[in-house]
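Since the structure comes first, as structure tokens, the remarks are kept for the end.
Just so you know, all these numbers are worked out from the coordinates, no wet-lab data involved. Everything numeric here is computed off the predicted structure, so don't read it as measured data. Ideal geometry is used to build each Cβ from the backbone, glycine not excepted, and the neighbour counts take in all protein chains shown.
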Amino acid sequence: MNKSIYKKSKILYLITCSNHKQKGGHGEYYKSSSLINLLDKKTGQDLLEFRELVLAHIKDGSFSRAGKRLVDLPYNSGLVEGPDFGGNKNGKYLQAKKRYIGRLYREISEESWIKRKHHVLILSGLYGVLTPEEYIQLYSLHTKDSQIIFDIWENELTEILIRYIKLFSINIVIDLTAENLYRRLINWYIIKQSARVYHAFGDQNVGSSLLESIGSFLEFKGLMGDESELTNLFRYEDFFKTRYEKLLFLSDISDVRKKGLPKEEISEQERKKDDFVPTQNNPLEFKELSVSGKPDIVFSFKTLGQFNELPKKVKTKVPKTIVKYIKNPKDPGLGTEKFTKNGETLIRCRIDLKYRIHFDPVDSKESKLIIRAIGPHKLEGVG
């Protein structure tokens, strides 16, 4: 990597990791290559903490894909709590730019990575965010594997990016994530308070099908282009013709429709995530809460998924937390507090040191307790 990037360039590209990965690696881990080494101590420690949390979910069997636990997948068999997760075990490492061998990465030469003139950060379901030179282990984890993955990294990634933007005086952020699953992890409104943002869309393809075009852009223009030339491209020309299709750079995502570009479809799961689940479909743990005059516990499809993906030892604590709150909202063990989100007042309680639950104030007329979110302690950005 050209280290002068950190002193000169004001352009930051955000790309995604790859499902296809190079196996193997060596036992040496180089801390100097890690994003954590570039960030301030607190931000770096927060990033390590959340990486460790995701790894713990994989290893305890909480996450699954197509009926198979992720911990049982071959790619995850060698995952250890090494320095990349704040531990000290010996893992097998390759640089991210060499570990990832998917469609985007196959377009980019080693020379372009080494001689690149601009900042690049990679979004990852396991590592959160990392540099191309960062040493990582072999793993298999999709952002879509679990709502909890999204909950862990949502808001946290935005905070880390803001710190990075301020640290290196970034002026322009280019969103090359391509997929809604990754793009929705970032609060772009907040990012736009500190830098100009442009989102890449293709004139033919959307989602993961756009990755070759993004890689082609980075190889032939994005990584090696002069800053002034690229600034003019993003601001005035607004497209680059890759060898596959035109790549357009939009400052406003809503312009996708105005320009007649293909748009990624919203999945059925995403469409119904806020719909309420019939009470009879509640988890067994909630069917017989041991408290008199209990309100109906109401889950949405999203929160039911969050509950089902909790580690087993945490899952059993959730009904007990609800019972505690119903009996005594001021129970000191709950750490009950109110907060406001989108103009609504919500209740936040402590499940344990690492997990929280959010719900609406109990409706005395209808006797309902509507669960809004269950997850890690920085749930919905509330620390």
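In summary, the lysines within cross-link reach of LYS23, defined as a Cα separation below 28 angstrom excluding same-chain residues under 8 places away, comprise LYS3, LYS31, LYS59, LYS68, LYS89, LYS92, LYS97, LYS98, LYS115, LYS144.
Can you tell which of LYS166, LYS117, LYS315 shows the greatest fluctuation in a Gaussian network model of the chain with Cα springs below 10 Å? Greatest mean-square fluctuation among the candidates belongs to LYS166. Along the chain, counting only GluC sites (Glu not before Pro) with a DSSP assignment other than H, G, I, E or B and at most 14 other Cβ atoms inside a 10 Å radius, the longest segment between sites is 29-264.
Normalised by residue count, region 23-74 yields a Cα convex hull volume of 109 Å³ per residue. Where the centre of each part is set by its Cα atoms, how far does region 239-283 sit from region 165-191, in angstrom? Distance between centres, Cα-based: 16 Å. Between ASP274 and ASP255, the simple label model (points 7 Å from Cα in the Cβ direction) yields a spacing of 2.7 nm.
The phi-based Karplus calculation (6.51 cos²θ - 1.76 cosθ + 1.60; θ = phi - 60°) puts the 3J(HN,Hα) values of region 152-166 at 5, 8, 4, 6, 4, 5, 4, 4, 5, 5, 4, 4, 5, 4, 6 Hz, whole numbers, x for Gly and Pro. If one computes the Cα centroid of region 310-364 and of region 44-110, what distance in Å separates the two points? Going from one Cα centre to the other spans 31 Å. Calculated over region 19-115, the projected area of the Cα convex hull averaged across directions stands at 7.4 nm². Computing Rg and the Kirkwood Rh from the Cα coordinates of region 275-383 gives a ratio, Rg/Rh, of 0.91. Only helices enter the 222 nm calculation for the chain: every DSSP H run of n ≥ 4 contributes -39,500 (n - 2.57), and dividing by all residues gives -7000 deg cm²/dmol, rounded to 500. Once divided by 2.2 N^0.38 Å, the Cα radius of gyration of region 109-164 becomes 1.30. In the chain, the DSSP beta bridges split such that about 65 percent are antiparallel, to the nearest 5.
Evaluated at 20 °C with a viscosity of 1.002 mPa s, what Stokes-Einstein diffusion coefficient in µm²/s does the chain have when Rh comes from the Kirkwood expression over alpha-carbon pairs? My calculation gives 96 µm²/s for D. A simple charge model with +1 on the Cβ of Lys and Arg, -1 on the Cβ of Asp and Glu and nothing else charged puts the dipole of the chain at about 600 debye relative to its Cα centre.
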